[in-house]
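Rule-based calculations on the coordinates, nothing more; no lab input. The structure displayed is predicted, hence computed values, not measured ones. Using ideal geometry, Cβ is built from the backbone for each residue, glycine included, and neighbour counts are taken over all protein chains shown.
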Amino acid sequence: MPAETVQDVVTLTLGTSTVQVALKGATVFSYTHDGRERLFTSSKSSVHASDPAAIRGGVPICWPIFGPPDLSNPLYAQLKQHGFARTSSWELEGVQETDDAAEGVKAIFKLEPTEAIQAIYSQPFLLRYTVHLRPYSLSLALSVVNPSDAIAALAFQALLHAYFRLPDGVLPADVRVTPLESLVYADKVAPHDGKTKQPERRKVVDVDGPGGEVDRVYYRAPDRLELAFPAADEVVKVRKSGLPDAVLWNPGPAKGAKIGDMEDRGWERYVCLEPGLIEPFQFLDPGKTWEGGIEISFN
Ligand code: BG6
């Protein structure tokens, strides 16, 4: 069966590939390709809506903000870090399958303001998220509609917070990310302030900051990025569109151990590469639609 819903989890299957999506946050929390899991999700995190916390892993959707809210702006002041899309219950709007295996299978999810959302966020919006499993790739596409008939633009950030699972025996410090050379980035790891911008001088960026922690926002990153695991002779290719920026994050051992829903030494098993629209905010006029997404494939 190419698409199946059990409780609040949708599973798509295509040959030996599967993708699992929780209605909580429309969060893709598992993607197996060639019979191997390609995403990290902490075993201490629940994918079900009965646990209100965001899923610690997979690909949470950060919307309408990335990072902590700007408390001086009343539009966002009541939001939590990374916004409400990742914790809200989405609706499965439909599944599309064709007879052509190369076309794969798609599930489309929808989020509109609920009472709980309206209590913390006043803007009208319509989000759609398409999860498209093909034989050799997984595409995730977010669209945002401003349904307002007033003149106000809908202002937002958006980011797909992908936790890429490392092959066995590979640690974050072994991961090489390209091509980030000469991009401007802001470093969020102390003593840096997360705001000061500096140029990336390395040709190949290894995921190994002070004490193992890396948390950087790269602005205007190329649309084709690669995470290479040289020890395993593997490459994950991330092709993005509509998402100009990219975050590289791993908390390292000290911060990782303090994350409540992180499994034991979980931070050793993933690197987050998070394509996003961070700066400046998108201003979407009434009646307009914005789209952004990623495609994940392998060498
Ligand atoms: C990253 C941020 O995108 O998400 C980090 O750059 C943050 O600063 C991380 O720690 C995880 O955030 P959260 O809210 O899921 O713990």
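Going by the conditions given, is residue 152 touching a residue at least 12 places away in the same chain (Cβ under 8 Å), within 16 Å of the ligand (Cβ to nearest atom) and either surrounded by fewer than 17 Cβ atoms within 10 Å (Cβ to Cβ) or among the hydrophobic types (A, V, I, L, M, F, W, C) (or both)?
no
Go through region 49-68 residue by residue and tally those that are within 12 Å of the ligand (Cβ to nearest atom) and either in a loop (DSSP other than H, G, I, E, B) or closer than 17 Å to residue 156 by Cβ (or both).
Here the count works out to 12.
Find all pairs meeting these conditions: Cβ atoms under 6 angstrom apart; at least six residues apart or on different chains; first residue within region 271-287 and touching a residue at least 60 places away in the same chain (Cβ under 8 Å); second residue among the hydroxyl-bearing types (Ser, Thr, Tyr) and surrounded by fewer than 18 Cβ atoms within 10 Å (Cβ to Cβ).
286/148
Which of (1) within 16 Å of the ligand (Cβ to nearest atom); (2) more than 30 Å from residue 281 (Cα to Cα); (3) in contact with a Gly (Cβ under 9 Å, 6 or more places away or on another chain) does residue 46 not meet, given it meets every other one?
Of (1) within 16 Å of the ligand (Cβ to nearest atom); (2) more than 30 Å from residue 281 (Cα to Cα); (3) in contact with a Gly (Cβ under 9 Å, 6 or more places away or on another chain), only one is false for residue 46: (3).
As an exercise: evaluate residue 110 against (1) free of Cβ contacts under 8 Å to residues at least 24 places away in the same chain; (2) assigned to a loop (DSSP other than H, G, I, E, B) and give the number of the one condition it does not meet.
Every condition holds for residue 110 apart from (2).
Testing residue 243 on (1) in a loop (DSSP other than H, G, I, E, B); (2) within 19 Å of residue 171 (Cβ to Cβ); (3) of a type in the set (A, V, I, L, M, F, W, C), one condition comes back false. Which one is that?
(2)
Evaluate region 182-205: report whether one residue or more is assigned to a helix (DSSP H, G or I) and either within 13 Å of the ligand (Cβ to nearest atom) or in contact with a Pro (Cβ under 6 Å, 6 or more places away or on another chain) (or both).
no
Please go through region 246-260 and give me each residue that is touching a Lys or Arg at 6+ places or on another chain (Cβ under 9 Å) and in a helix (DSSP H, G or I), ordered by number.
The answer is 253, 256.
Here are 243, 227: which of them is within 16 Å of the ligand (Cβ to nearest atom), closer than 16 Å to residue 274 by Cβ and in contact with a Phe, Trp or Tyr (Cβ under 9 Å, 6 or more places away or on another chain)?
227
Limited to region 69-99, what total is found for residues that are β-branched (Val, Ile, Thr) and touching a residue at least 60 places away in the same chain (Cβ under 8 Å)?
The number of residues fulfilling the criteria is 2.
If I go through region 206-224 residue by residue, how many of them are under 23 Å from residue 129 (Cα atoms) and within 15 Å of the ligand (Cβ to nearest atom)?
1
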